[in-house]
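The values are calculated or read from the model by the stated rules, or taken from the named source; none is laboratory data. Owing to the predicted nature of the structure, the values given are computational and were not obtained by experimental measurement. A quick note on method: Cβ atoms are made from the backbone with ideal geometry, for glycine too, and the neighbour counts reach across all protein chains shown.
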Amino acid sequence: MKTVLLAGGFGSRISEESQFKPKPMIDIGNMPILWHIMKEYAWYGHTDFIICAGYKQHYIKQWFADYFLRSSDVTFDYRGGKNEMVIHESHAEPWRVTVVDTGLNTMTGGRIRRIRKYVGNEPFFMTYGDGVCDVDINKLLEFHRQHGKIATLTAVLQDQSKGVLDIGGDNAVKSFREKKQSDGAPINAGYMVFQPEIFDYLEGDSTVLERDPLERLADEGQLMSYMHRGFWQCMDNVREKEMLEKLLANDKAPWKKWED
């Protein structure tokens, strides 16, 4: 099952670093936050990734092009006019990664629409490339399969300026809207699962997933929430980046289930 990662935005709220690289490629510890998210999914056995790139998309492609060599012990042998390279030991992940240029100014729904041919006619995971979480990915998938609707999103109770959810007793999302300061409601944390029918709700590059598509799905009873009461944190600014780095440095990062 493929995992789609949104990594094409400008990251203007953390411009101190995003002026040089896409926000999902900003390091937490010594690896990009995008890598941390991919490690989460891989820990649950999901290793086929599609990255929706845009702003500075060449940076993402180059990073993955260099990843194998950067993660390996290598001998370069030029003796006798040769140009040989020997890989002794590799620590690169056993992943399949497709990086797609989905456009510089394309909105979130438009980016997903553009990678349809890489997903195929099957369900897929989707999340944002700037937030980490300790949600159980396989339990999320099981929940999605059981209810039989088109879309599932992970909901968390945190004081953040994300999309607000009105959730019914059956976990169906009754409405979806942008958050106001006065709200104290569950928010959309990403970590979604979609049936291929989601593409019928995405009309073009200007489609914002979090507006008309999710609102329509909620109105039609096709959007469900998986309530997560554990850790979730996005990286919108330098303060949040430093907080995540501190958790990682102190070996208290809830999203880090893997061994070094």
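Some points to look at:
- Qualifying residue in region 16-25 (condition: of a type in the set (S, T, N, Q), free of Cβ contacts under 8 Å to residues at least 24 places away in the same chain and under 22 Å from Trp258 (Cα atoms)): no
- Of Asp170, Asp159, Asp183, all but one fail to be in a loop (DSSP other than H, G, I, E, B), modelled with pLDDT under 95 and either among the β-branched types (Val, Ile, Thr) or in contact with a Gly (Cβ under 8 Å, 6 or more places away or on another chain) (or both); the exception is Asp159.
- Counted residues, region 77-128 - those being at pLDDT 95 or above and part of a helix (DSSP H, G or I): 11
- Where a residue in region 29-54 is touching a residue at least 12 places away in the same chain (Cβ under 8 Å) and more than 19 Å from Thr102 (Cβ to Cβ) and its partner, wherever it lies, is of a type in the set (Ser, Thr, Tyr) and crowded, with 17+ Cβ neighbours inside 10 Å, with Cβ under 7 Å and at least six apart: Tyr41/Thr3; His46/Thr3
- For region 101-114, the set of residues classified as crowded, with 21+ Cβ neighbours inside 10 Å and farther than 19 Å from Asp212 by Cα consists of Thr102 only.
- Residue check for Thr127: in contact (Cβ under 8 Å) with a residue 40 or more places away in the chain and touching a Gly at 6+ places or on another chain (Cβ under 6 Å): yes
- Contact annotation: residue pairs with Cβ atoms under 9 Å, 6 or more positions apart or on different chains, pairing a residue in region 60-77 that is among the acidic types (Asp, Glu) with a partner that is in a strand (DSSP E or B), are Asp73/Ile87; Asp73/His88; Asp73/Glu89; Asp73/Ser90; Asp77/Glu84; Asp77/Met85; Asp77/Val86.
- Residue count for region 1-56, restricted to those that are at positive phi and either assigned to a strand (DSSP E or B) or in contact with a Ser or Thr (Cβ under 9 Å, 6 or more places away or on another chain) (or both): 2
- Number of the exception - Ala189 against (1) modelled with pLDDT of 95 or more; (2) crowded, with 23+ Cβ neighbours inside 10 Å; (3) closer than 30 Å to Gly29 by Cβ: (1)
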